[in-house]
1. Near K33, which lysines are there with a Cα under 27 Å away, not counting those fewer than 8 places off in the same chain?
2. Summarise the accessible area of segment 1-87 (1.4 Å probe, protein heavy atoms) by the percent that is carbon and sulfur.
3. Among K33, K74, K42, which one shows the highest mean-square fluctuation when the chain is modelled as a Gaussian network with alpha-carbon springs under 10 Å?
4. Using the Karplus curve 6.51 cos²θ - 1.76 cosθ + 1.60 with θ = phi - 60°, what ³J(HN,Hα) values do you get for each residue of segment 13-21, in whole Hz, with x for Gly and Pro?
5. When the dipole is taken about the Cα centre of segment 28-91, and only Lys, Arg (+1) and Asp, Glu (-1) are charged at their Cβ, what size is it in debye, to the nearest 20?
6. When ligands, DNA and RNA are left out and all protein chains stay put, how many square angstrom of accessible area per residue does the chain have with a 1.4 Å probe?
Amino acid sequence: MTKEKWLSSYVLSVIAVVVLAIVLIVQVYEFRKDFSYLQSLKKEEVNLEVVWGQLLLEQSALTQPSRLEQAAVKELNMHAPSQNELIIVKP
């Protein structure tokens with residue numbers, strides 16, 4: 001092998017190694033960026049599950065019959081009908 005062929009094959013090998021190194025660096029960067037995004041999504045998922053649990057507890061507390069009755073009396077001025085207010089309709 002002549003010196004020129006050896007030198008050109010050496011330069012091509014160096015260029016190939018440099019290109020592969022750059023590709024590897026870009027791939028590692030993309031992986032780390034995607035992994036960081038995945039971690040943030042997992043944190044958000046946990047936070048949303050906590051909020052969902054709190055909302056379910058709040059819903060169950062607000063829909064209890066005693067709570068509904070209190071709200072009807074207090075906010076809508078409703079009351080249970082007395083015997084004089086009852087009207088029975090026969091079919």
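The values are calculated or read from the model by the stated rules, or taken from the named source; none is laboratory data. Quantities reported herein were computed from a predicted structural model and do not represent experimental measurements. Methodologically, a virtual Cβ is constructed for each residue, glycine included, from the backbone with ideal geometry; neighbour enumeration extends over all protein chains shown. Only protein heavy atoms, including side chains, enter the accessible area calculation; ligands, DNA and RNA are left aside. Shrake-Rupley method; radii C 1.70, N 1.55, O 1.52, S 1.80 Å.
1. K42, K43
2. Roughly 66 percent, rounded to a whole number.
3. Fluctuation is largest for K74.
4. 5, 5, 4, 5, 5, 5, 5, 5, 5
5. In debye, rounded to 20, segment 28-91 gives about 40.
6. Counting only protein heavy atoms, the per-residue value for the chain is 100 Å².
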